[in-house]
1. Considering region 231-251 alone, what residues qualify as being outside any loop (DSSP other than H, G, I, E, B) and surrounded by 22 or more Cβ atoms within 10 Å (Cβ to Cβ)?
2. Looking at (1) among the charged types (D, E, K, R); (2) in contact with a strand residue (DSSP E or B) (Cβ under 7 Å, 6 or more places away or on another chain); (3) crowded, with 18+ Cβ neighbours inside 10 Å, which is the one condition that is false for E333?
3. Filter region 71-98 down to the residues that are surrounded by fewer than 18 Cβ atoms within 10 Å (Cβ to Cβ) and under 24 Å from E41 (Cα atoms) and list them by number.
4. Within region 133-140, identify whether any single residue is within 16 Å of V54 (Cα to Cα) and at pLDDT 95 or above, and answer yes or no.
5. Between residues in region 199-218 that are under 16 Å from Q272 (Cβ atoms) and modelled with pLDDT of 70 or more and residues that are crowded, with 21+ Cβ neighbours inside 10 Å and of a type in the set (A, V, I, L, M), which pairs lie under 6 Å by C-beta distance while being six or more apart or on different chains?
6. Filter region 46-70 down to the residues that are surrounded by fewer than 22 Cβ atoms within 10 Å (Cβ to Cβ) and not in a loop (DSSP other than H, G, I, E, B), then identify the one that is modelled with the lowest pLDDT.
7. Take Q352 and decide whether it is in contact with a His (Cβ under 6 Å, 6 or more places away or on another chain), in a loop (DSSP other than H, G, I, E, B) and either more than 22 Å from T214 (Cα to Cα) or among the acidic types (D, E) (or both).
Amino acid sequence: MRDKKRIVVKIGSSLLTDQVRLTPRWGFMQYVLEDIARLREAGHEVVLCSSGAVALGMRMVGVTPDSAGLRDKQAAAACGMPLLLDAYKHIGHQHELQIAQILVTLGDFEHHARFLNTKNTVDRLLASGVLPIINENDTITTEQIRVGDNDRLAAKVAQMIQAQHLVILTGVDGLYDRNPSEPGAKLVETVHDVSQYLTVTEGVSTLGSGGMLTKLQAANMAQNAGCHTLIANGEGEAPISAALTGRRRCTTCVAHAEPLTSWATWLTNRLQMAGSIVITQAAAEAVERGERGIDRHDVHSIAGSYAKGDVIHVYDEKGVERARGMTDFGSEETAILVRNQEVPVKALLGYQSRGVLIESTNLIVLDDRHLQWERQPEPA
């Protein structure tokens, strides 16, 4: 860890919050910010992705993790966010840390212009020596428009700022080859292909929205961008640097030696599926060979509602996801073009176009490094 690095640290609600009293765990936060201060003194740039607002606000709203509905959680987030930031500010002041808060939603990652605006803000804060603390804006998000877990949110941040390390602090030492409570369970110290371990990742913490599955999904996203992911126990002193320097046992998901470009990374690593199309086998083979994009004559069916500029998932007729790409037509226009393939585009839509749904430059063919999404239900 001699060279200066960008490091994204993710900590969840179960570490930040006393699960009974729903109050901040001050000792844990002290260790984390003290460690971040040391890393910054060594020349590293650190971004913190922090959960905790919803849990800290539940007592004020009068609900518990088991009873809270969506509106309760939104209100709890509004109450808990000032408490969380006040705790960070109070402890950060002891270590001469200036902090800033960035609240994001799904669209800030999925829409390219907003993605770049968010990146510019984080870059500017880092250049000013300020510690960005990023969290999803839970006060306004719903199930349909939320990231859903801060593991993958942190991975998107790591991709966005081209970080070298993503450190996910959790309540266990890392990924085990089976349920850690089972006799003989062994810690997996190095992972190259996360897909080999997806079947042993069931389970979600009481306060958190993710389990080990979302951590491996996050690791895969980071790997594709050339970022190593460390999944480590967050308890005790120097939890971040101890994992980074090998003084603490953890799971390291190794970055790909040849990472994708920033554009390809943004296109392929999605947080939600906007929609999908099924193309013919012949078209799928041509796309995989890099011969061309996708036009309306290639499409067999459409699923989901999406807009021009959204990234959609491309399946072949066997249900295998072959590519992801940014579409030049929304789902309604696409449906019109596909159902009337012999009619000129201008006659159908009122403007001239070649009818290419996804240009080859906006289309990325998936390979073994990507976790595939399960096929969406067939349209009615």
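The values are calculated or read from the model by the stated rules, or taken from the named source; none is laboratory data. Remember, it's a predicted structure, so these values are computed and weren't measured experimentally. Quick reminder, even Gly has a Cβ in these numbers, built from the backbone with ideal geometry, and neighbours come from all protein chains shown.
1. Step one: filter region 231-251 for residues outside any loop (DSSP other than H, G, I, E, B), giving 231-233, 239-244, 250-251.
Selection gives I231, A232, P239, I240, A243, L244, C250, T251.
2. That leaves (2) as the condition not met.
3. Correct list: D86, K89, H90, H93, Q94, H95, E96, Q98.
4. At the first step, the residues of region 133-140 found to be within 16 Å of V54 (Cα to Cα) are 133-140.
Imposing the further condition that a residue be at pLDDT 95 or above reduces the set to 133-134.
For region 133-140, residues within 16 Å of V54 (Cα to Cα) and at pLDDT 95 or above: present.
5. Sorted first by the residue in region 199-218, then by its partner, the pairs are A218/A155.
6. Initially, region 46-70 is screened for residues surrounded by fewer than 22 Cβ atoms within 10 Å (Cβ to Cβ), giving 59-70.
Retained after the next criterion (residues that are not in a loop (DSSP other than H, G, I, E, B)): 59-61, 70.
Details: R59: 92, M60: 94, V61: 94, L70: 88.
Result: L70.
7. Values: in contact with a His (Cβ under 6 Å, 6 or more places away or on another chain): no; in a loop (DSSP other than H, G, I, E, B): yes; either more than 22 Å from T214 (Cα to Cα) or among the acidic types (D, E) (or both): yes.
No; evaluated as a whole, the condition is false for this residue.
One line per residue, one yes/no per condition, for (1) among the hydroxyl-bearing types (S, T, Y); (2) free of Cβ contacts under 8 Å to residues at least 40 places away in the same chain; (3) over 23 Å from T361 (Cα atoms); (4) touching a strand residue (DSSP E or B) at 6+ places or on another chain (Cβ under 9 Å):
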site	(1), (2), (3), (4)
N224	no, no, no, no
I231	no, no, yes, yes
P239	no, no, yes, yes
H256	no, no, no, no
T280	yes, yes, no, yes
R292	no, no, no, yes
H300	no, yes, no, yes
